[in-house]
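Student: What follows is a single structure, and I will ask about it in a moment.
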Amino acid sequence: MSAFPGKVRLALLLAAVAVVVPASANAASFSGGGIALPGPASSPNIKKILPLARRELSRNVSERRGNNVPRYRNGKGKIAPYSIKDQWCAAFSTWIWNKVGFDSYLGASILWKAFDGTMVAVQVRDLTNWATENGYFSYRAVPGYLVTYGTSHIGIVEKIDRTSGQAVGSIEGNIGNRVQRITVPMDRVTGYISPVRLTQPQLKKSAVYADMEVPESVLEEITGP
């Protein structure tokens, strides 16, 4: 256990990495968010995640009388391909990832076949456990990452407000029985999941420049020598 209180230790860590990460990394309100994280854990395909999520948002996807079967045209058209006939927020998010080339989540323990045959994750707790154990869990939001709050809901990070509202904008499935754009206060966030494995330097930076509370034990483990 560190001899320093959590806030003091975090301040020291911020000072230690100041020479590496420019002050401008703390982005303005609803910027693209995130800090520059070079190395193998990056992919141009991350930029394809939001356009697909926004396309699904524009198609007015909703359930019909709360039956857990999302359909196009406000529940009156064809069944959405990410339908699992059950709670479908994780299915929606991981289906979007899959369609732009990210399928690392298939390492999670609980997977179901969606309506179009795509294997999708279906449980937030299981997906979070997989991310934590395999280097995909982040404490800092980046557009295209998944955002979890609690153990029951998950969405796709669209934008980040680190100034006035301290909130994360996300596109989510099965929120009010629809695909919707919502705002999640940062104090409700319990984690972010990257579509690519993070390097050790990236894990450290996500903890030091966190958008959520980081346990002292995690700071010690991630940022230690």
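Student: In region 163-189, what residues are of a type outside the set (G, A, S) and surrounded by 21 or more Cβ atoms within 10 Å (Cβ to Cβ)?
Tutor: Within region 163-189, V168, I171, E172, N174, V179, V189 qualify.
Student: Let me ask something additional. For region 1-101, please list each of the helices (runs of 4 or more DSSP H) lying entirely inside it that holds at least 1 residues being under 30 Å from Q123 (Cβ atoms) and either acidic (D, E) or at pLDDT 95 or above (or both).
Tutor: Values: elements: 6-17, 49-58, 72-75, 89-99.
Ranges flagged: 49-58, 72-75, 89-99.
Student: Another one. Filter region 106-148 down to residues that are in contact (Cβ under 8 Å) with a residue 60 or more places away in the chain and farther than 22 Å from M186 by Cα, then give me how many there are.
Tutor: Matching residues across region 106-148 total 1.
Student: Of all residues being in a helix (DSSP H, G or I), within 25 Å of S104 (Cβ to Cβ) and not polar (S, T, N, Q) in region 187-218, which is modelled with the lowest pLDDT? Just the residue, please.
Tutor: The initial filter retains those residues of region 187-218 that are in a helix (DSSP H, G or I), namely 187-188, 200-208, 216-218.
From the residues that got through so far, the ones that are within 25 Å of S104 (Cβ to Cβ) too are 200-208, 218.
Still in the running and not polar (S, T, N, Q): 201, 203-205, 207-208, 218.
Details: P201: 88, L203: 88, K204: 88, K205: 89, A207: 90, V208: 88, V218: 82.
Per the stated criteria, the residue is V218.
The values are calculated or read from the model by the stated rules, or taken from the named source; none is laboratory data. Since we're looking at a predicted model, the values are computed, not measured. Backbone-built Cβ (ideal geometry, glycine too); neighbour counts: all protein chains shown.
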